[in-house]
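Chemist: Quick one: structure below, then a few questions.
Just so you know, all these numbers are worked out from the coordinates, no wet-lab data involved. Since we're looking at a predicted model, the values are computed, not measured. Here the Cβ positions follow ideal geometry from the backbone for every residue, glycine too, while neighbour counts run over all protein chains shown.
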Amino acid sequence: MLTNNVTRRKALKIGAAAAALPLVHIRTAGAAGKVSIGFWDHWVPAGNDVMKKQVAAFAEKNKVEVQADFITTIGNKNLLTIAAEAQAKTGHDALAFPTWNVLAYADSLEPVDDVMGRLTTKYGQTNKVAEYLAKVKGHWLAIPTSSGTQMKGPCARISIMKEAAGLDPVAMFPANAGPAPGAESWTYDAHLKAAEACAKVGKAFGIGLGTTPDSVDTAGALFAAYGAELVNAKGDITVKSDAVREVLEYAQRLVKVLPKDAVSYDDASNNRALISGQSALIWNPPSAWAVAKRDNRPVAEDSWTFTAPTGPKGRFVPHVPFFWGIWKFSQNKTAAKDLIDYLMQREQVEARCNVVEGYDIPPFDSMLDFKVWENVEPPKGTVYNYPVRLQHKGVAHIAALPAPPEIAVQIYNQGTMPTMFAKLLSGQSINDVIAWAQNELEGFVG
Amino acid sequence: MADASTLAVSFMPTRRVARHGSMHRLMRHRSTVALLMCSPLFVLIGGLVVYPAIYAIYLSMLNKGMTQFVGLHNFAFLLKRDTFRLVIFQSCLFAVSAVVMKAFIGFVLAHLMHNIPSGRQRIWRGLLLVPWVIPLALSTLGWWWLFDPSYSAFNYVLNVFGFPTVAWLGEAWPARLCMITVNVWFGTPFFMIMYLAALKSVPEQLYEAAAIDGAGALQKLFFVTLPMMRNIISITVLFSLIVTFANFDIVRILTNGGPESKTHVFATYAFQVGIQSGNIPLGASVSLFMFPLLAVFAFFVLRNVTRRTKEIAA
């Protein structure tokens, strides 16, 4: 006979234990001090595991008690945690800050010039996007990390691109350090022609016109390639320019060959479009490829990630960095700095990068020689061109750069650029779209 | 020595009795006991309602960096923005149309339910309450799969019967309609159960008297049922209006405010401006925008309810 042995007290204990699962509490004998840090909860579970091991090794070596939490981006829990801790002036000593949040909480963050000084001396400079997002008035307020940092160039179906558009992504961007034969010819005109050709065979490019980051990042790269700025570095609204008009003329043709549901795309829609075999190309980190590898292997075997097209003003690859910042109210800033310094050493970064199949992009170019991008398969080398390589002749970019960050964050988060494209799709004229954007931007600047 | 000890013994109990006496007298006041027993509630309300509300109002009057008091500037600024005016329109459209539909459907369902024999009524009541019991975020996810841009189940059915695909969440009006539909689906059971309870409390003698006077079904509805249900209708509409104006989950999951910001409501726009774009004071202003209007509306509705209750009691 079965008996019910679960008492209320036992249920409470189980509940408390379950609630504590995402927390990792590492205490070593003779711990000298305590530090708590909130990491980005990696979508690859192994990404968290290796981080836990590295934190444990640091704790052991330095005799420090470390509490590591993994905070998910689902439901924007990470943003809410940051906002709550900033208001309450208590919580973790250090946190993972996504893209724009270092600037948003600049007044509450401890300068980390000393750590960055050591890291840049050893590994070289970071890219301009990291500097734009985390260096305020000459001081680094957070350390660019690899954990969660991504590029969002195109990922295409090799066979469809070959058959429908006559382009061979593998030949254009091979998986080696030699020259990229396709670097010059992979222009936005070529991109448009390929989009039209693939749409004709029912495999439209899965580019979204929604307001979520994937849509914004793709539109941002396109704007930059034409030298089109909505707001310039001084904070002046520059939407009424020939460059913006040129982008919109291009977009007028592009939006016609995008999926019918492009305006309601979110950040999962493009992934699904590729994985389900409906799309010839998406702009995304290799997460879509990784899921296809698990759920629809033939699609993964036929996918190749490469760099963004080039435009009249150059090649700009969407880049979304993450940072580790330390609160001013932290009780143990020194230990937090030491921990971050330790986690940003080459061997630690490489170990984390390996387990997530190259998804995490290190902030220092000197670390782009990790073997993981050459070795990952199928097909072998599929993500070699995921980081910006020298032979690509491109730069990392974030939408709305070079506008002053307090304006750029609004342009980015309210999806102004893809919304301009969506308005073109709904039949509005270029003049109407520019007038709408001018009004929106006045609100952001004012 | 003996005297001293005797004195000490007789002095101490006198003080204890005096203290005990005043405390005892204080505790004998029923109002004091009531106040003490209510104090945990006051602490809870103060900490979880009053303080956050006042803090939100304070936040809405700061500049972006939260370093300067700017009065009502954030509200004035918002009113000048086209996107925010669109948000006001959408929020009002969403809340008013959803509440009207929920009230109407709930009223009809309550009547149908009221006429079902009590044995079978329980099953139907349970079934109709299901949408209200499921967590809204989960059920909205289910609806999102039905409306999904790429793999919509509704579109699949439409296509099977030869109809073209509808961009449920890709065009402004269908997307708004989808939001309202999900809210009505979720909120109708609340109205139904409240109205059913109200219907059951209407004395049967009133209907009998009306029938003797020759009243038909419609006359009974307008001259007996509705007047007797006015209080409960007012309170449910008020309550639902406040909750619907503050809705976040449905819009966030279905459209995230798109396409072209044409489905944003106060809560989602406040989140986008306040949390995502790092302007917490402006976000607080967005979320507090309807507060004065709803407060005035609530005041009049509740005053009328109190008046009618007094009339009935008299």
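Chemist: Place the peptides A:360-369, B:212-221, A:397-406, B:194-203 in order of packing, highest mean first, counting for every residue the other Cβ atoms within 10 Å and averaging per peptide.
Modeler: The packing order, highest mean first, is A:397-406, A:360-369, B:194-203, B:212-221.
Chemist: Quickly work out the B:L35-to-B:V100 label distance, labels modelled 7 Å from Cα along the C-beta direction, and quote it in nm with one decimal.
Modeler: Output for this residue pair reads 4.9 nm.
Chemist: Could you work out how far helix B:136-147 tilts from the main Cα principal axis of chain B, as a 0 to 90 degree angle to the nearest 10?
Modeler: Taking Cα atoms only, the helix is inclined about 10 degrees.
Chemist: So for chain A: antiparallel DSSP bridges make up what percent, rounded to the nearest 5?
Modeler: Counting only bridges with both partners in chain A, antiparallel ones make up about 65 percent.
Chemist: About the Cα centre, and with charges only on the beta carbon of Lys, Arg (+1) and Asp, Glu (-1), how big is the dipole of the stretch B:73-313? Nearest 20 debye, please.
Modeler: The dipole of the stretch B:73-313 has a size of about 460 debye.
Chemist: In nm, to one decimal, how far is the modelled label at B:V296 from the one at A:L390, with both set 7 Å along Cα→Cβ?
Modeler: Placing both labels 7 Å beyond Cα along the Cβ direction yields 6.9 nm.
Chemist: First measure r as the distance between the Cβ atoms of B:K310 and B:V130, then evaluate 1/(1 + (r/R0)^6) with R0 = 41 Å and state the FRET efficiency to the nearest 0.05. Write down the numbers at each step before the final one.
Modeler: On the way: r = 38 Å, r/R0 = 0.93.
Efficiency at R0 = 41 Å is approximately 0.60.
Chemist: Just the C-alpha atoms of the stretch B:73-313: what Rg/Rh do they give, with Rh taken as the Kirkwood radius?
Modeler: Radius of gyration relative to Kirkwood radius: 1.04.
Chemist: Please report, to two decimal places, log10 I(q)/I(0) for the stretch A:91-147 at q = 0.14, 0.18, 0.20, 0.21 Å⁻¹ as given by the Debye formula with identical point scatterers on the Cα atoms and no solvent.
Modeler: -0.34, -0.57, -0.71, -0.79
Chemist: Report the far tail of the P(r) of the stretch A:326-372, meaning the percent of Cα-Cα pairs longer than 18 Å.
Modeler: In whole percent, the share of Cα-Cα pairs in the stretch A:326-372 beyond 18 Å is 39.
Chemist: What translational D, rounded to a whole number of µm²/s, comes out for the stretch A:340-446 from Stokes-Einstein when the hydrodynamic radius is the Kirkwood one over Cα pairs, at 37 °C and 0.692 mPa s? Mind showing how you got there, number by number?
Modeler: Details: Rh = 17.1 Å.
Translational D for this selection: 192 µm²/s.
Chemist: Using alpha carbon centroids, what distance separates the stretch A:255-330 and the stretch B:169-200, in Å?
Modeler: 36 Å
Chemist: Suppose we take every Cα in the protein assembly as shown and form the convex hull; what volume per residue is that in Å³?
Modeler: So the per-residue Cα hull volume is 290 Å³.
Chemist: So for each of A:139-145, B:179-185 I average, over its residues, the number of other beta carbons within 10 Å; can you give me the resulting order with the highest mean first?
Modeler: Listed from highest to lowest mean packing, they are A:139-145, B:179-185.
Chemist: Within 10 Å of each residue's Cβ, count the other Cβ atoms and sort B:F163, B:F94 from fewest upward.
Modeler: B:F163, B:F94
Chemist: Additional query: Can you give the average number of partner chain beta-carbon atoms within 10 Å of each beta-carbon in peptide B:151-158, as a whole number?
Modeler: Working: counts 4, 1, 0, 0, 1, 0, 0, 0.
Counting Cβ atoms of other protein chains within 10 Å of each residue's Cβ and averaging gives 1.
Chemist: Then there is this: Residue by residue through the stretch B:58-71, what is 3J(HN,Hα) from phi via Karplus (6.51 cos²θ - 1.76 cosθ + 1.60, θ = phi - 60°)? Round to whole Hz and write x for glycine and proline.
Modeler: Result, ordered by residue: 4, 4, 5, 9, 10, 7, 4, x, 6, 10, 9, 7, 10, x Hz.
Chemist: Follow-up. If you place +1 on the Cβ of every Lys and Arg, -1 on the Cβ of every Asp and Glu, and leave all else neutral, what size is the dipole of the stretch A:157-224 about its Cα centre, to the nearest 20 Debye?
Modeler: In total the dipole reaches around 220 debye.
Chemist: Rounded to the nearest 0.05, what FRET efficiency is calculated for A:K63 and A:T121 with R0 set to 25 Å and r the Cβ-Cβ distance?
Modeler: FRET efficiency, A:K63 to A:T121: 0.40.
Chemist: Also: What number comes out for the charge environment of B:T255, summing +1 per Lys or Arg and -1 per Asp or Glu over other residues with Cβ under 11 Å away?
Modeler: Details: positive: B:R176, B:R252, B:K262; negative: A:D266, B:E171, B:E260.
After counting each charged neighbour, the total is 0.
Chemist: While we're looking at this one, here's another question. If you count the DSSP beta bridges with both ends in the protein assembly as shown, what percent of them are antiparallel, to the nearest 5? Display every interim value, and only then the final one.
Modeler: Working: 28 of 42 bridges.
So the antiparallel bridges in the protein assembly as shown amount to around 65 percent.
Chemist: Sticking with this one: If you keep only loop residues by DSSP, which trypsin sites (Lys or Arg not before Pro) in the stretch A:112-206 have at most 10 other Cβ atoms within 10 Å of their Cβ?
Modeler: On the way: sites: A:R118, A:K122, A:K128, A:K135, A:K137, A:K152, A:R157, A:K162, A:K193, A:K200, A:K203; in loops: A:K137, A:K152, A:K203.
The qualifying sites are A:K137.
Chemist: When N is the residue count of chain A, what does its C-alpha Rg come to as a fraction of 2.2 N^0.38 Å?
Modeler: On the way: Rg = 22.8 Å, N = 446, 2.2 N^0.38 = 22.3 Å.
So the Cα radius of gyration is 1.02 times the expected 2.2 N^0.38 Å.
Chemist: Compute the orientation-averaged projected area for the stretch B:234-314 from the convex hull of its Cα atoms and round it to one decimal in nm².
Modeler: Average projection, Cα convex hull of the stretch B:234-314: 6.2 nm².
Chemist: Which order results if B:S97, B:S118, B:S60 are arranged by neighbouring Cβ count within 10 Å, fewest first?
Modeler: Least to most surrounded, the residues fall as B:S118, B:S97, B:S60.
Chemist: Translational D (Stokes-Einstein, µm²/s) of the stretch A:192-319 at 20 °C and 1.002 mPa s when Rh comes from the Kirkwood sum over C-alpha pairs?
Modeler: Here the translational diffusion coefficient equals 139 µm²/s.
Chemist: Too long at a 27 Å Cα-Cα cut-off: which of A:K203/A:K293; B:K80/B:K262; A:K89/A:K234; A:K162/A:K423; A:K128/A:K200?
Modeler: A:K89/A:K234; A:K162/A:K423; A:K128/A:K200
Chemist: Counting only other chains, what is the mean number of Cβ atoms within 10 angstrom of the Cβ of each residue in peptide B:89-97?
Modeler: 0
Chemist: Between the stretch B:29-95 and the stretch B:229-266, what is the separation of their alpha carbon centroids in Å?
Modeler: If we compute the Cα centre of each part, the gap is 18 Å.
Chemist: Any idea what the dipole of the protein assembly as shown comes to, in debye rounded to 20, about its Cα centre with Lys/Arg Cβ at +1 and Asp/Glu Cβ at -1? Mind showing how you got there, number by number?
Modeler: Numbers: 69 positive and 54 negative charges, 574 e Å.
Result for the protein assembly as shown is approximately 2760 debye, rounded to the nearest 20.
Chemist: So, one more: Please name whichever of A:W40, A:G202, A:L258 sits farthest to the positive end of the charge dipole of chain A, dipole taken about the Cα centre and charges placed at Cβ: Lys and Arg +1, Asp and Glu -1.
Modeler: In chain A, that residue is A:W40.
Chemist: Angle, helix A:242-254 long axis vs. longest principal axis of chain A, Cα atoms, 0 to 90°, nearest 10?
Modeler: Result, in degrees: 90.
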